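Before anything else, here's the structure in question.
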Amino acid sequence: MKVNGIPTRTIWSVDHGQAIGIIDQTKLPFEFKKETLRDWRQVREAIATMKVRGAPLIGIAAAWAMVLAIRDNAQDDLIHEVRSELIATRPTAVNLQWAVDHLVKKVMPLPAKDRLPVAYREAEEMTQANVLANRAIGTHGAKIIAELYAKKREPVNILTHCNAGWLATVDYGTALSAVYIAFEQGIPLHVWVDETRPREQGLLTAWELAGVGIPHTVIADNAGGHLMQHREVDAVIVGADRITAIGDVANKVGTYLKALAAKDMDVPFYVAAPSSTIDWTIQDGKHGIEIENRSGDELRFIRGLDKKGHLADIRLMDAQTNVENPAFDVTPARLVTGIITERGVCAPEFLTRLFPEGARKHAR
Ligand code: MRU
């Protein structure tokens, strides 16, 4: 995608894999700052501190971290150590583990001296594949939005939570890819953007939508239920960090409450994600998915511009206040209308029909 002629790429290889370029997302929406990471440890740090974030993007970033690590030392021990360290940074999004394991599986059978070019090629391929998958997700999702418009003949109101846009992926996004493609096709729409405390990923969504001129309104995280009761939402579309084989969905904390309100008000609730987000080894998401617990400081402080226009963390409560900060929650499959993947849209219980190879692997 392009915004004002500038490609919407979140990650790129520098000097043929000698380093990678990223956008420091902790500075958005106030400052657009690119950064070059030259070492796998810098990439690990960028993932842990959420300079790069979003399930598909952290997977690709981790794959490039493996390339940088193998460049420095392609021995088995080092590869296993880096793999574990990367996977530990963010435990909920399965894309990270998927990408690292995919790359490790390709290089391990080779002698150490032959590993780097293969690792590089695999990382390149995964990067490109993510763009294609997201574009396909957008095309399938846009059909849903077009159908809603055909019934209503007025702008379609979509509610989204967190940021599942191009910033969360290599390009296009997942949930927002559907919005972008529907908008490209001329379907009138408007997006309700959940603020998404405590990391305010909704502001990234608003920033993305503003960039292409899509009408949107930021709302407090608790406003969605009220809007649904008053028929102001035609569909909820969110991304995912991990989907189980039966369609339970882990996504940014607060998603579950939106799904409950949507069920109560008969509002369709869609989840958009590439197949790399499906964890075929798990059925029951509530018990099987590890939920990342992040620092309480994310609640104790809020980031914004101070009076002088400098980025600053403003304290909201004193250091003694007890806080709990689970970053994700699990929405059970029974609340999900459909999962939008690169292969098409299906009810959660039919995921295995859409991806029989995934299901087969799981059965083994
Ligand atoms: O903690 P983040 O910002 O990495 O989490 C991202 C999300 O949970 C998004 O909602 C998203 O749906 C997954 S990425 C497309």
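In whole percent, what relative contact order does the stretch 123-199 give with Cα contacts below 8 Å and a gap of six or more residues?
39 percent
Out of residues 5 or more away from H216 or on other chains, whose amide H comes under 5 Å of its own, with H placed 1.01 Å from N in the peptide plane?
Result for H216 returns V191.
Viscosity 1.306 mPa s, temperature 10 °C: Stokes-Einstein D of the chain from its Kirkwood Cα radius, in µm² per second?
Result for D is 77 µm²/s.
Still on this model: Out of A69, A55, A150, any idea which swings most in a Gaussian network model of the chain, alpha carbons joined below 10 Å?
Between A69, A55, A150, it is A150 that shows the largest mean-square fluctuation.
Run through the stretch 238-331 and list the trypsin sites (Lys or Arg not before Pro) located in a DSSP loop whose Cβ has at most 12 other Cβ atoms within 10 Å.
Sites meeting the loop and neighbour criteria: K307, K308.
Right, another one. For the chain, with only Lys/Arg (+1) and Asp/Glu (-1) charged at the beta-carbon, what is the dipole magnitude about the Cα centre, in debye rounded to 20?
Using Cβ point charges on Lys, Arg, Asp and Glu, the chain gives about 500 debye.
Tell me, how many Å apart are the Cα centres for the stretch 261-317 and for the stretch 320-364?
16 Å
Can you say what percent of the DSSP beta bridges in the stretch 143-299, counting only those with both residues inside, are antiparallel? Round to 5.
Bridges in the stretch 143-299 are about 10 percent antiparallel.
Charges only on Cβ, +1 for Lys and Arg, -1 for Asp and Glu: so what's the dipole of the stretch 174-234 about the Cα centre, in debye to the nearest 20?
Value, rounded to 20: 40 debye.
Over the Cα atoms of the stretch 261-364, each weighted equally, I'd like the Debye log10 I(q)/I(0) at q = 0.12, 0.13, 0.14, 0.24 Å⁻¹, rounded to two decimals.
Values returned for q = 0.12, 0.13, 0.14, 0.24 Å⁻¹ are -0.65, -0.71, -0.77, -1.28.
Could you work out the Kirkwood radius for the stretch 1-79, taking every pair of different alpha carbons, averaging 1/r and inverting it, reported in Å?
Here the Kirkwood hydrodynamic radius works out to 13.1 Å.
First select every other residue whose beta carbon is under 12 angstrom from the beta carbon of Y172; then total the charges, Lys and Arg +1, Asp and Glu -1.
-1
As a test, work out the antiparallel percent of DSSP beta bridges whose residues both lie in the chain, rounded to the nearest 5.
Of the beta bridges lying entirely in the chain, close to 55 percent run antiparallel.
Taking all pairs of different Cα atoms in the stretch 121-269, averaging 1/r and flipping that mean, what Kirkwood radius in angstroms comes out?
15.4 Å
How would F355, F301 line up from fewest to most surrounding beta-carbon atoms within 10 angstrom?
Ascending number of Cβ neighbours within 10 Å: F301, F355.
Using θ = phi - 60° and the Karplus relation 6.51 cos²θ - 1.76 cosθ + 1.60, list the HN-Hα couplings for the stretch 328-344 in order, rounded to whole Hz, with x at every Gly or Pro.
3J(HN,Hα) across the stretch 328-344, in whole Hz: 9, 9, 10, 9, x, 3, 5, 9, 9, 6, x, 10, 9, 10, 5, 9, x.
Additional query: Determine which residues of the stretch 234-250 fall in the zone a paramagnetic label at A129 would reach in this model, i.e. backbone nitrogen under 19 Å from the point 7 Å along Cα→Cβ.
Residues passing the 19 Å test: 240-245.
Moving on to the next point. Once you keep just the Cα pairs under 8 angstrom separated by 6 or more residues, what percentage relative contact order results for the chain?
Relative CO of the chain lands at 15 percent.
Which residue fluctuates most in the GNM of the chain (Cα springs below 10 Å): P91, P111, P326?
Fluctuation is largest for P111.
Using the alpha-carbon atoms, what tilt in degrees (0 to 90, nearest 10) does helix 201-212 show relative to the longest principal axis of the chain?
The angle comes out near 80 degrees.
Summing Lys, Arg as +1 and Asp, Glu as -1, what charge do residues with Cβ under 14 Å from the Cβ of T196 carry, T196 excluded?
After counting each charged neighbour, the total is -1.
Also, quick follow-up: Would you work out if the stretch 204-289 is rounded, prolate or oblate? Take a ≥ b ≥ c from the square roots of the eigenvalues of the alpha-carbon gyration tensor; rounded if a/c is under 1.5, else prolate when a/b is larger than b/c, oblate otherwise.
Oblate, because a/c is 1.5 or more while a/b does not exceed b/c.
Going 7 Å from the Cα of Q75 toward and past its Cβ, which residues in the stretch 106-125 have a backbone nitrogen under 16 Å from where you end up?
Within reach of a label on Q75: 111-115.
Fewest first, what order do V233, V3 take by the number of other Cβ atoms within 10 Å?
V3, V233
Can you tell me the 0 to 90 degree angle between the C-alpha axis of helix 255-264 and the longest principal axis of the chain, rounded to 10?
Tilt of helix 255-264: around 30 degrees.
OK, next. So if I take the centroid of the Cα atoms in the stretch 195-242 and the same for the stretch 1-56, what is the distance between those two points in Å?
Cα centres, the stretch 195-242 to the stretch 1-56: 23 Å.
Figure the gain on full extension for K106 and D306 (residue separation times 0.36 nm, minus the Cα-Cα span) and round it to one decimal in nm.
67.2 nm
Rounded to the nearest 20 debye, what is the charge dipole size of the stretch 217-364 about its Cα centre when +1 sits on each Lys and Arg Cβ and -1 on each Asp and Glu Cβ?
The dipole of the stretch 217-364 has a size of about 260 debye.
In terms of Cα to Cα distance under 23 Å, which lysines are near enough to K307, apart from those fewer than 8 places away along the same chain?
Reachable lysines: K27, K33.
Any read-out appearing in this document is the output of simple, stated calculations on the displayed coordinates, not a laboratory observation. Computed from a predicted model, the values in this text were never measured in an experiment. In this analysis, Cβ positions are derived from the backbone assuming ideal geometry, glycine residues included, and neighbour counts consider all displayed protein chains.
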